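Each remark here refers to the structure printed beneath this line.
What follows draws every value from the coordinates through simple rules; no lab data is involved. In this text, all values refer to a predicted model and were calculated from it rather than measured experimentally. Cβ atoms come from the backbone with ideal geometry, glycine included; neighbour counts cover every protein chain shown.
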Amino acid sequence: MTTTTPAVLPVRAQEEDQPVRRRRRGLSPGRALPASRLIGPALLLALWAAASAAGQLDPGAIPAPWTVLRTAGRLWSAGTLPTDILTSLERAAYGFTIGLAAGVVLALAAGLSRVGEALIDGTVNLNRAIPTLGLIPLFILWLGIGEAFKIAIIAIVVYVPIYLNTHSALSGIDSRFVELAEVQGLSRLRFVRQIVIPGALPGFFVGLRLGVTGSWLGLVVLEQINATSGLGYMMFQAQNYGQSDVILVGLLVYGIFGLVSDSAVRLIERRVLSWRRTLSS
Amino acid sequence: MAPHTEQLTRPAVQLRGLTRSFEGRTVLDGIDLDLPAGQFTALLGHSGSGKSTLLRAIAGLDHKVAGSGRLTAPEKVSVVFQDSRLLPWRRVLDNVLLGLNGADAERKGRAALAEVGLEGRERAWPSELSGGEAQRAALARSLVREPELLLADEPFGALDALTRIRMHALLRELWTRHQPSVLLVTHDVDEAIVLADRVLVLDSGRVGLDLAIERDARARGEYRGRLLAALGVTEGVG
Ligand SMILES: Nc1ncnc2c1ncn2[C@@H]1O[C@H](COP(=O)(O)OP(=O)(O)O)[C@@H](O)[C@H]1O
Ligand SMILES: [Mg+2]
């Protein structure tokens, strides 16, 4: 026999030790766990440590976490690790800064003027069609094997996604807001400053995050293939001498770079785009 | 309605032979129309009859639309859209101040928000407002510019019935206080009768009916019948 559910739920909900809220399946993912982004890596680390302690891993291939840490400490106090880190950071920072500036300036020029669009957009898309890492030999010929070519390659890897996302956000401005700006009598400058640019910021941040990831990717590849100094050089040397612990130190530092920079961008994004109420807020 | 009589001689909007067409299809077909200063006019018409096209022509928002005819409209025109069209990245007060200059702009903005009953919500984000509140903020944004002509394109179309009634009262009150000419586009016959002193029906690209409304409840039923007939709607008996 079927009975209809009595319509007394809200009343029932106010009985003793019943929550005052009616239960309803929430579709947003719920509140973020504290430091939730660290849970996965921590778990992986624990597994690695457990397997090493149990003697399940070949220490020559995958040394234990504590070995890696000890090696890191040794390299640090010997002064080579800080120098290598600094060299790598400097490359990434220069390349990223130049790429960021180029991406934003080109996107603004192409997004805000028809002439700029005609000159720039096709060119950038042509550039995008060529795998940037394939440009390495040419850039070495042009710029030599020093710092300049590395910075140039990183800058290219960074500027492309920043340009593409910012430009498409700039040119995808809602026509309703254009109409509003006309009605409110905004000058062209104010229209750009108060409507076009804020409206394009979400797209810019998508590009920025891709750019940050790209800068580390470019760095790792450049330093692995054409290393003469820096973290990649350290790892390259270690490979020759079979020092897997040193290689892992290098990977660890790269990983920290990536995690920290991505978190920083997310933090800035959350502050700047605080008007957005999304699932993750 | 005496207050505006001395202004009625100088039309705020003057249309002569206004024609607009999209891809060869004529939407406005030689409209002649005078809107006296300070008059509250409602524009009725079927969906697709060209109400928005006419309003956008008067607002000067139809740069790319083919057409001819003469049009004079005041310098200071404000538009209220069906969506509140608040910029989501600006707080409510900053939205009201959009495009406003001058030292006491902020004071005016706060006053306008207070006038529409949004005092205390100046720093809210648009996403935190209800539909009615957002539309009131949009109303404040257009009033703060002290327009001579207020154009509104189905401004209450997206609101629920109760909110709409409150918005009607608010709009009528604001109109009485600031006395702009108003052209309100709506598809709601009752809304037109309640709010306006004159109701136009747009039909086949022309003004099919031009009806003066006495602010006197007795004639309401008759107005309603005539407007519905002009719109080609026959009411069921009973
Ligand atoms: N930008 C446009 N391009 C092509 N046709 C349009 C455009 N805007 C409006 N129209 C057409 O003009 C007619 C009138 O539209 P509109 O003025 O929006 O009607 P209403 O506001 O009365 O519902 C409609 O048939 C519509 O399809
Ligand atoms: Mg319309």
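Starting from the Kirkwood Rh over alpha-carbon pairs, what translational D in µm² s⁻¹ does the stretch B:88-146 have by Stokes-Einstein at 20 °C and 1.002 mPa s? Write down the numbers at each step before the final one.
Working: Rh = 10.9 Å.
The estimated diffusion coefficient comes to 196 µm²/s.
Largest GNM mean-square fluctuation among A:46, A:264, A:92, using chain A with Cα springs under 10 Å: A:46. Positive end of the dipole of the stretch B:29-101 (Cβ unit charges, origin at the Cα centre): among B:92, B:63, B:30, the Cα lying farthest that way belongs to B:92.
Per-residue ellipticity at 222 nm for chain A, helices alone: DSSP H runs ≥ 4 residues times -39500 (n - 2.57), over residue total, nearest 500 deg cm²/dmol? Don't skip to the answer; put the middle values down first.
Values: 12 runs with 199 residues, N = 281.
It comes out at -23500 deg cm²/dmol, rounded to the nearest 500.
To the nearest 20 debye, what is the magnitude of the charge dipole of the stretch A:146-194 about its Cα centre, counting +1 on the Cβ of each Lys and Arg and -1 on the Cβ of each Asp and Glu? List each step's numbers first, then the result.
On the way: 5 positive and 4 negative charges, 23 e Å.
Magnitude of the dipole: close to 120 debye.
Would you mind checking the tilt of helix B:161-178 against the longest principal axis of the Cα atoms of chain B, expressed as 0 to 90 degrees and rounded to 10? Its long axis makes an angle of about 80 degrees. By DSSP, the beta bridges lying fully in the protein assembly as shown are antiparallel in about 55 percent of cases.
Treat the count of other C-beta atoms within 10 Å as a stand-in for reagent exposure and order A:269, B:222, B:106 from fewest to most. Display every interim value, and only then the final one.
Details: A:269 18, B:222 10, B:106 15.
Final ranking by Cβ density, sparse to dense: B:222, B:106, A:269.
Rounded to two decimals, the Cα radius of gyration of chain A over 2.2 N^0.38 Å is 1.38. The DSSP beta bridges internal to chain B are antiparallel in roughly 55% of cases. Between B:57, B:138, B:42, where does the largest GNM mean-square fluctuation fall for chain B, given springs only between Cα atoms within less than 10 Å? Top of the fluctuation ranking is B:57.
Across q = 0.09, 0.14 Å⁻¹, the stretch B:102-238 modelled as identical point scatterers on its alpha-carbon atoms has Debye log10 I(q)/I(0) values of -0.33, -0.73, in the order of the q list.
Simple rule: put +1 on each Lys or Arg Cβ and -1 on each Asp or Glu Cβ in the stretch A:63-272, find the dipole, and look at A:218, A:151, A:259; the Cα lying farthest toward the positive end is A:259. Taking B:205, B:99, B:24 as the candidate residues, the one with maximal mean-square fluctuation in a Gaussian network model of chain B, Cα springs under 10 Å, is B:24.
Cβ crowding within 10 Å ranks A:150, B:51 as B:51, A:150, fewest other Cβ atoms first. Here the Karplus curve 6.51 cos²θ - 1.76 cosθ + 1.60, taken at θ = phi - 60°, turns the phi angles of the stretch A:205-216 into couplings of 5, 4, x, 4, 5, 4, x, 4, 4, x, 5, 5 Hz, with x standing for Gly and Pro.
Rounded to the nearest Hz, the phi-derived 3J(HN,Hα) couplings of the stretch A:262-274 under the Karplus curve 6.51 cos²θ - 1.76 cosθ + 1.60 (θ = phi - 60°) are 5, 4, 4, 5, 4, 4, 4, 4, 4, 6, 5, 9, 5, where x marks glycine and proline.
I need B:86, B:162 ordered by Cβ neighbour count within 10 Å, fewest first. Mind showing how you got there, number by number?
Details: B:86 24, B:162 9.
The most exposed by this proxy come first: B:162, B:86.
Based solely on its DSSP helices, what 222 nm [θ] is calculated for chain B when runs of n ≥ 4 H residues each add -39,500 (n - 2.57) and the sum is averaged over all residues, nearest 500 deg cm²/dmol? Please list the in-between numbers first.
On the way: 7 runs with 74 residues, N = 238.
That calculation yields -9500 deg cm²/dmol at 222 nm.
Step through the residues of the stretch B:218-229 one at a time and calculate ³J(HN,Hα) from phi using the Karplus curve (6.51 cos²θ - 1.76 cosθ + 1.60, θ = phi - 60°), rounding each to whole Hz and writing x for Gly and Pro. With the stated coefficients, the stretch B:218-229 comes to 5, 8, 3, x, 5, 4, 4, x, 5, 5, 5, 4 Hz.
Here the protein assembly as shown is treated with +1 on each Lys and Arg Cβ and -1 on each Asp and Glu Cβ, and its dipole about the Cα centre works out to around 560 debye.
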